[in-house]
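Below is one structure, written out as structure tokens, with a few remarks after it.
The values are calculated or read from the model by the stated rules, or taken from the named source; none is laboratory data. Here the structure is a predicted model, which means the values were calculated and not measured. Cβ placement follows ideal geometry from the backbone for every residue including glycine, while neighbour counts extend to all protein chains displayed.
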Amino acid sequence: MRMDGQDESSNIDDERGSSGVGGGFRIGGGHIGIGAIAVALLAWGVFGINPLTTLSLLGGGSAPVQQQSAPQHSGPVQSSPGEDAQVKFVSQVLRSTEETWGDIFRASSKTYVAPRLVLYRGSYPTACGQGQAAMGPFYCPGDSKVYLDLGFFDTMRTQLGAGGDFAQAYVIAHEVGHHVQHLLGITDKVDAMRQREDEAQANAMSVRVELQADCFAGVWARRSQKENGWRLEPDDVEKAINAAQQIGDDTLQRKAQGVVVPERFTHGTSAQRVHWFGQGMKTGNPQACDTFSAQNL
């Protein structure tokens, strides 16, 4: 993926020189990041924790949130040339999402309010509770921010076999997709419905939310590439599809315990994630991302 000469976003908060301590991460009224299932798999591999238990904790949304303390600033950001390049790339991708969704909203006589993206290390307080790097990137509707520890990109490459710049851009675009859902009122409607449903039904609704965010990421990829002039390398789409495949519920459950439990899905199968990302990329039309009306996902 080549973004040479692309503009950078002004909506980056670099908090890598800060840290914060506080309560647990609240999911009720919020969204699990794309890395949540990766956390479950890593917890199983390192600590022997059943990944389905981890996913239940991450997706249950009933744990109380302690009051968050202010982040502690530990001085200037210590960064390597490699990290500096990653920060620039993240900023360019974020800017491209701002341009794409700004155009889409204007076409519907709406105003797109871009999210801020917070770069942090380890742990950081958010309006949704205490963010942890192990959660992977996530979006918090409480403060309209995307949170990212750059170390997750290494996790994608080494633990999930999903490396490459376009795969990383897909992750950012997916979280921005959750922000779009928040702006459109989808988030509030889904959260209200989830509270009235049992666990299996709530999980099924979460799948539709996540697949729509995948589709929105595809919309960004199609439109931004065309409108902003950055170009894909020959294997970029394959890498993004591989990333979607590696974080499908069925793939991770199968890796973790050898069996698949569909009623515990929260993000969709590998095939579903690939399909909806492809749907967005093929059409470039957010109207084609209505996963809530789809009979077959």
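Some notes on this structure:
- Some residue of the range 129-138 being touching a helix residue (DSSP H, G or I) at 6+ places or on another chain (Cβ under 8 Å) and in a loop (DSSP other than H, G, I, E, B): yes
- Counting residues in the range 88-101 that are surrounded by fewer than 19 Cβ atoms within 10 Å (Cβ to Cβ) and within 23 Å of Thr155 (Cα to Cα) gives one or more.
- Residues in the range 268-287 that are in a helix (DSSP H, G or I), in contact with a helix residue (DSSP H, G or I) (Cβ under 7 Å, 6 or more places away or on another chain) and among the small types (Gly, Ala, Ser): Ser270, Gly278, Gly280.
- Count - residues of the range 255-267 that are in a loop (DSSP other than H, G, I, E, B) and either at pLDDT 75 or above or surrounded by 18 or more Cβ atoms within 10 Å (Cβ to Cβ) (or both): 3
- Test: residue in the range 171-194 that is touching a Ser or Thr at 6+ places or on another chain (Cβ under 8 Å), farther than 21 Å from Leu117 by Cα and in contact (Cβ under 8 Å) with a residue 40 or more places away in the chain: yes
- Residue in the range 115-125 that is farther than 16 Å from Ile12 by Cβ and out of contact with any Ser or Thr (no Cβ under 8 Å at 6 or more places or on another chain) present: no
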